Amino acid sequence: MESGRQSNQQVRGASSPSVVVIGAGIAGLAAARALHDAAFQVVLLESRPRIGGRVYTDFSFGFPVDMGASWLHGVCNENPLAPLIGRLGLPLYRTSGDNSVLYDHDLESYALFDKDGQQVPQELVTKVGEAFESILEETEKVREENKEDMSILQAISIVLERRSDLRQEGLAHKVLQWYLCRMEGWFAADANTISLKSWDQEELLSGGHGLMVRGYCSVINTLAKGLDIRRGHRVTKVARLYNGVRVTVENGTTFVADAAVIAVPLGVLKANSIKFEPRLPEWKEAAIAELGIGTENKIALHFGKVFWPNVEFLGVVASTSYACSYFLNLHKATGHPVLVYMPAGQLAHDIEKMSDEAAANFAFMQLKQILPDASEPIQYIVSHWATDANSLGSYSYDTVGKPHDLYERLRIPIDNLFFAGEATSIRFPGTVHGAYSTGVMAAEDCRMRVSERFGELDLFQPAMGDESISVSVPLLISRM
Ligand SMILES: Cc1cc2nc3c(=O)[nH]c(=O)nc-3n(C[C@H](O)[C@H](O)[C@H](O)COP(=O)(O)OP(=O)(O)OC[C@H]3O[C@@H](n4cnc5c(N)ncnc54)[C@H](O)[C@@H]3O)c2cc1C
């Protein structure tokens, strides 16, 4: 099969149940691991030459830089990934505690600058942050008053019309726009597309947000150990058979098994690049079409030396959220002289149209505006999550007028097809731990269904073994 010649592969044998898992991101790996440990014959098909999907640790600077996910959202033992991260002894750098209006970082950790290089006084940053919190609280009233959904941006405008005390002028207005820009970064979408009804329906675990100091890659590699993973295998067709599935990859090779776990990104499902035979039910197709997929990218700039203030984030305020920006200071958490520029929504799409050099230059120009003495980066890495055919977006979010249960509709199995991935997690969408849980859940559903036929309903093992042992391993958390 590696020669590219067409072949037919039976994953299933007579004695043990079999499954094809499609997509070796954290969800697919979690599903494959759990089913492998439950004595299934498992083949994991991955379109890219690498595994991990939207968890991707790049080493081209000579040290790890996460170009996809980099935070563990919810540094607590209830986090489904805590047992694994704890056991691997991976250090976390906490960038915020619970309930920050900026989600994964605290107000105090920022230095904000106007485009003329003037630093915004911290009291103003705090004051406008409090006003932003009040504005968001007031949008709840707008939600209660209106049966029809609207965008969070529209609700904010209604609040500001009503409450002149919350309106901001001049520099304070720019700081408010910057808070909006940060919110857009969290959802990877512009505020005029985010649903007022559902924007706050995701579940936030306690313990704040911790950066994976050494990168997320060891989590991926640990889950992948010992699995039969076929890289460079892009699935084009999934056919449901009587008591089985036939999965076809780009070069014509087919894999036949008792069941399949579909763990490809929502963007890939939206693009219809995988044909389902027979078609998926209408409600499933509708859920795929209606759930939003946002874009956030990273442009990592590696400098010869540190010339910026010793804060976790640098922000650039401006009169529109589109023109605002921010940089994550990796030096604070990792000791490496790297700033990561993170555009989201329309800005991220616009930057993805540029060459990598132009994108890196664009990011550097933002920095130059606030720190005119900034020295040129010596290296850069640019992500392209929206245009990469293997992701076609960064993570899912609730769009205006669509119900929040779309995530659950995406997850619900169809016969012997099981669905996993961040967009199937109604509790923790858009996260690594959410995607991981859906992989474990899909494996459990699959095992229940398929093993019944084999008469083997042994106790199910979670992906990483006995959690009662592993939760006792403490997480290594720091903040410098
Ligand atoms: C820039 C960015 C920052 C983020 N930051 C965070 C963060 O800090 N913390 C956090 O918790 N989450 C974060 N996320 C979200 C997190 O990365 C995702 O929710 C999670 O990794 C998704 O995992 P998944 O397994 O569902 O999908 P993926 O990781 O995308 O895995 C799907 C796999 O399917 C493969 N595939 C695609 N098409 C095919 C095909 N036709 N055939 C076979 N294989 C195919 C892909 O190559 C991929 O490997 C971030 C995401 C991005 C993009």
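The values are calculated or read from the model by the stated rules, or taken from the named source; none is laboratory data. Owing to the predicted nature of the structure, the values given are computational and were not obtained by experimental measurement. For neighbour counting, all protein chains shown are included, and Cβ atoms are generated from backbone atoms with ideal geometry for every residue, glycine included.
Collect the residues in region 388-407 that are surrounded by fewer than 18 Cβ atoms within 10 Å (Cβ to Cβ) and away from the ligand (no atom under 15 Å from the Cβ), keeping them in residue-number order.
Gly401, Pro403, His404, Asp405
Has region 449-457 got at least one residue that is away from the ligand (no atom under 16 Å from the Cβ), on the phi > 0 side of the Ramachandran plot and either surrounded by fewer than 24 Cβ atoms within 10 Å (Cβ to Cβ) or part of a loop (DSSP other than H, G, I, E, B) (or both)?
For region 449-457, residues away from the ligand (no atom under 16 Å from the Cβ), on the phi > 0 side of the Ramachandran plot and either surrounded by fewer than 24 Cβ atoms within 10 Å (Cβ to Cβ) or part of a loop (DSSP other than H, G, I, E, B) (or both): present.
Could you tell me whether Gly226 is more than 14 Å from the ligand (Cβ to nearest atom), surrounded by fewer than 18 Cβ atoms within 10 Å (Cβ to Cβ), part of a loop (DSSP other than H, G, I, E, B) and touching a residue at least 40 places away in the same chain (Cβ under 8 Å)?
yes
Of the residues that sit in region 145-163 and are acidic (Asp, Glu) and assigned to a loop (DSSP other than H, G, I, E, B), which one is surrounded by the fewest Cβ atoms within 10 Å (Cβ to Cβ)?
That would be Glu148.
Looking at this structure, is Ser321 buried (at least 23 other Cβ atoms within 10 Å of the Cβ) and in contact with a strand residue (DSSP E or B) (Cβ under 9 Å, 6 or more places away or on another chain)?
It is false that Ser321 is buried (at least 23 other Cβ atoms within 10 Å of the Cβ) and in contact with a strand residue (DSSP E or B) (Cβ under 9 Å, 6 or more places away or on another chain).
Would you mind telling me which numbered condition in (1) touching a His at 6+ places or on another chain (Cβ under 7 Å); (2) within 8 Å of the ligand (Cβ to nearest atom); (3) modelled with pLDDT of 95 or more Ile26 fails?
If we test Ile26 against (1) touching a His at 6+ places or on another chain (Cβ under 7 Å); (2) within 8 Å of the ligand (Cβ to nearest atom); (3) modelled with pLDDT of 95 or more, just (1) comes out false.
If you scan region 414-429, which residues turn out to be in contact with a His (Cβ under 8 Å, 6 or more places away or on another chain) and either within 24 Å of Asn243 (Cα to Cα) or more than 13 Å from the ligand (Cβ to nearest atom) (or both)?
Answer for region 414-429, where residues must be in contact with a His (Cβ under 8 Å, 6 or more places away or on another chain) and either within 24 Å of Asn243 (Cα to Cα) or more than 13 Å from the ligand (Cβ to nearest atom) (or both): just Ile426.
Gly215 - would you say it is within 16 Å of the ligand (Cβ to nearest atom), under 27 Å from Val55 (Cα atoms), touching a Ser or Thr at 6+ places or on another chain (Cβ under 7 Å) and in contact (Cβ under 8 Å) with a residue 12 or more places away in the chain?
Taking the combined requirement at face value, the residue satisfies it.
Under 6 Å between Cβ atoms, which residue pairs at least 6 apart in sequence (or on different chains) link something in region 373-387 that is closer than 12 Å to Ala300 by Cβ with a partner that is polar (S, T, N, Q) and within 15 Å of the ligand (Cβ to nearest atom)?
Ser383/Asn297
What number of residues within region 430-440 are over 10 Å from Leu81 (Cβ atoms), of a type outside the set (A, V, I, L, M) and more than 8 Å from the ligand (Cβ to nearest atom)?
0
Report whether or not Arg234 is within 9 Å of the ligand (Cβ to nearest atom) and among the basic types (Lys, Arg).
Yes.
Is there any pair linking a residue in region 421-443 that is on the phi > 0 side of the Ramachandran plot to one that is near the ligand (Cβ under 8 Å from one of its atoms) and of a type in the set (D, E, K, R), with Cβ under 9 Å and at least six apart or on different chains, and which?
Gly430/Glu422
Go through (1) in contact with a Leu (Cβ under 7 Å, 6 or more places away or on another chain); (2) of a type outside the set (Ser, Thr, Tyr); (3) part of a helix (DSSP H, G or I) one by one and return the number of the condition Asp350 breaks.
Result: Asp350 fails condition (1) only.
Please enumerate the residues belonging to region 330-387 that are of a type in the set (Asp, Glu) and buried (at least 18 other Cβ atoms within 10 Å of the Cβ).
Glu352
If only one of Val450, Val432 is closer than 22 Å to Ile22 by Cβ and either of a type in the set (S, T, N, Q) or at pLDDT below 95 (or both), which one is it?
Val450
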